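Enquirer: One structure, pasted below without further comment.
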Amino acid sequence: RVKLKDEIIHIQQMVEAAEMDLNIEGDPELTNTPLLVENVLSMCLKEAVTNVVKHSQATSCNVLIKQSPHEVLLSVQDNGIGISDKVSTLSGHGLQGMRERLEFVNGSLEINSSNGTTLTTRVPNL
Ligand code: ATP
Ligand code: MG
């Protein structure tokens, strides 16, 4: 069972090894979130940042965690080459797996590509 805080340590190492800047905004200590949902978010964070390191050619990566009583929003943004609409729905297992796991906890995934890539996931707390 992976907590978001532990995954953050892991992504810090990954991004540092890639010589990219990492900014983290928000509190990774989730208060109202079931462990299963936190596990899904941790997996999304890992996959999203792995993709930034592998594919984006970015120089920086921003992670935002926003908690409200009803939901958690996690977004991962990079300033790289961007992702095409086709690619984001068709190829690879990472994004597909993210979508499937998010669906399982009634969450959502949004991919935005303008000035790099922004991946936004939202999950309800219950
Ligand atoms: P896998 O995750 O199964 O190891 P993958 O990373 O290629 O393989 P996905 O994670 O589903 O697969 O990503 C699909 C494709 O989207 C990638 O191959 C890459 O072309 C593109 N992509 C994903 N994230 C980014 C990003 N941050 N910047 C640019 N391109 C991206
Ligand atoms: Mg991937």
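Enquirer: Calculated FRET efficiency, Leu35 and Ser68, Cβ-Cβ r, R0 22 Å, to nearest 0.05?
Expert: Here the calculated transfer efficiency is 0.75.
Enquirer: On average, how much area does the Cα convex hull of the range 41-99 cover when viewed from any direction, in nm²?
Expert: With every direction weighted equally, the projected area is 4.3 nm².
Enquirer: Follow-up question, since we're still on this one. Ordered by packing density, taken as the mean number of other Cβ atoms within 10 Å over each peptide's residues, highest first, how do 23-35, 53-65 rank?
Expert: Packing order, densest peptide first, comes out as 53-65, 23-35.
Enquirer: Now for a different question. Eight or more residues apart or on different chains, and alpha-carbon atoms under 24 Å: count the Lys pairs in the chain matching that.
Expert: 10
Enquirer: Evaluate the charge dipole of the range 61-126 about its Cα centre and quote only its size in Debye, nearest 20, assuming +1 on the Cβ of each Lys and Arg and -1 on the Cβ of each Asp and Glu.
Expert: About 40 debye.
Enquirer: Run through all the Cα pairs of the chain and give the fraction in each 10 Å bin from 0, expressed as whole percent.
Expert: Once binned at 10 Å, the Cα pair distances of the chain give 14, 49, 33, 5.
Enquirer: If Rh is defined by the Kirkwood formula over all Cα pairs and Rg also comes from Cα, what ratio Rg/Rh do you get for the range 11-76?
Expert: Result: Rg/Rh = 1.00.
Enquirer: So what is the relative contact order of the range 56-126, in percent, for Cα pairs below 8 Å that sit 6 or more residues apart?
Expert: The value is 37 percent.
Enquirer: Only Lys, Arg, Asp and Glu count, each charged at its Cβ (+1, +1, -1, -1), so figure out the dipole size of the chain about its Cα centre, rounded to 20 debye.
Expert: 280
Enquirer: What percent do you get for the relative contact order of the chain when only Cα pairs under 8 Å and 6+ apart count?
Expert: 26
FYI, it's all coordinate maths here, none of it is from the lab. The structure displayed is predicted, hence computed values, not measured ones. Here the Cβ is made from the backbone with ideal geometry for all residues, glycine too, and neighbour counts use every protein chain on show.
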